[in-house]
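All remarks here apply to the structure that follows.
The values are calculated or read from the model by the stated rules, or taken from the named source; none is laboratory data. From a predicted model like this one, the values you see are computed outputs, not experimental measurements. Quick reminder, even Gly has a Cβ in these numbers, built from the backbone with ideal geometry, and neighbours come from all protein chains shown.
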Amino acid sequence: MRVGICGYPGSGKTTVFQALAPGAKISGKGVSLGSIKVPDPRIDQLVEIFSPRKTVYAEILFADVGNTAGPGAGAFPAAVLEAMRGMDVLVHVVRAFDNPMAEGDDNPKRDIALFDDELILLDMALLERRGERWRKESRKGMEVQINQRCLEHLSEGLPLRSLELDALQRSTLVGIQLFSLKPLIILYNLSEERMDDDAWAYARELRQLGPNSWSTGICAQLEAELNELEPEERMEMLADLGLAEPAAASFVRTAYSLLDLISFLTFGPDECRAWPIRRGTVARKAAGKVHSDIERGFIRAEVSGLADMLVHRSEAAMRAAGKTRLEGKEYVVQDGDLIVFRFNV
């Protein structure tokens, strides 16, 4: 699953990417890629109990897709559009700091509106071509109706992520990579001064703006500086700033959620691990994430909760206390479930 970081020149987009994914590598197509661990305090708590030989967090892939055109400059470059098409979630980095190297003053409201307008125009052009081809073919059916409904929504200046579509209706749009249909995070890149300014509180807070749309803020320069510190020094700096964790951690968890991912957890002295799965995944399919043989020979899932594990502190004690329940192959796994799979092949 890929999260694409976009932004106008001067927004600090690349600094944001480097703060999130230090040491990221460049792919063959010139796109910077970085695999980022999803901070999960539940795994940290299991590690305290089991002191495992190995600890594994869920990961998602971030990509710096390249510079979009400047505000008001028109269409995005073709290379940027190609990179954006392959992303599952888009992050629009919005400049909220003084940058003498950038043209004009920072204007988050303008930049957000222009970015969305450009995505809307791109999608309208694509759907209009699609609809015209179908009219020539005299095609009928739900996919034609949904195509028209999407066009009408876009013509009102609204992105497709805000259009209510059920799974069947959305399936008619699979394969055409509509930009405004992708979940979006607006990420305000704030100066250190604005991180402490009450007038910018709305930009710092994590807010849901609508369906599949969120906003939050970080100071990319500060986050980059934190990455350069040793863990103890980093904690001291965070304490001085009155923060429990880097702002980037909250941002990464938001991106993970917008990918419609949750984690189930496995535990023990060998390994404590978060396994990413799609929300709504049943137990047998979740078992396949661990190993295909477990899915093939699935017998049951022994499921428990972290709160009980923190009290009883071992699998055997949990079972003796009746805190473990048995679930079948069609059980829908919940975020944070502790699971032991039983199987036979």
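Listed residues Ala113, Ala63, Ala102; which is within 23 Å of Thr216 (Cα to Cα), touching a residue at least 60 places away in the same chain (Cβ under 8 Å) and under 23 Å from the mean Cα position of the chain (by Cα)?
Numbers: Ala113 fails: touching a residue at least 60 places away in the same chain (Cβ under 8 Å); Ala102 fails: under 23 Å from the mean Cα position of the chain (by Cα).
When all the criteria are applied, what remains is Ala63.
A quick yes/no check of all residues on (1) at pLDDT 90 or above; (2) part of a helix (DSSP H, G or I):
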{"site": "Cys6", "(1), (2)": "yes, no"}
{"site": "Gln18", "(1), (2)": "no, yes"}
{"site": "Gly23", "(1), (2)": "no, no"}
{"site": "Arg42", "(1), (2)": "yes, yes"}
{"site": "Val47", "(1), (2)": "yes, yes"}
{"site": "Leu81", "(1), (2)": "no, yes"}
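Looking at the range 69-82, is at least one residue in contact with a strand residue (DSSP E or B) (Cβ under 6 Å, 6 or more places away or on another chain) and closer than 30 Å to Thr15 by Cβ? So that I can check it myself, show each step before the final result.
So in the range 69-82, the residues in contact with a strand residue (DSSP E or B) (Cβ under 6 Å, 6 or more places away or on another chain) come out as none.
No, there is no match, as no residue in the range 69-82 is in contact with a strand residue (DSSP E or B) (Cβ under 6 Å, 6 or more places away or on another chain) and closer than 30 Å to Thr15 by Cβ.
Taking Cys272 and the conditions (1) buried (at least 19 other Cβ atoms within 10 Å of the Cβ); (2) under 24 Å from Val89 (Cβ atoms), which numbered condition does it fall short on, given that it satisfies the others?
All conditions are met except number (2).
So in the range 187-222, with the set limited to residues that are hydrophobic (A, V, I, L, M, F, W, C) and in contact with a Leu (Cβ under 7 Å, 6 or more places away or on another chain), which one is farthest from Leu154 (Cα to Cα)?
Taking the range 187-222 first, the residues hydrophobic (A, V, I, L, M, F, W, C) are 187, 190, 195, 199-201, 203, 206, 209, 214, 218-220, 222.
After this cut, where a residue has to be in contact with a Leu (Cβ under 7 Å, 6 or more places away or on another chain) as well, the list is 200, 203, 214, 218-219.
Details: Trp200: 30, Ala203: 26, Trp214: 20, Ile218: 30, Cys219: 33 Å.
Looking at residues that are hydrophobic (A, V, I, L, M, F, W, C) and in contact with a Leu (Cβ under 7 Å, 6 or more places away or on another chain), I get Cys219.
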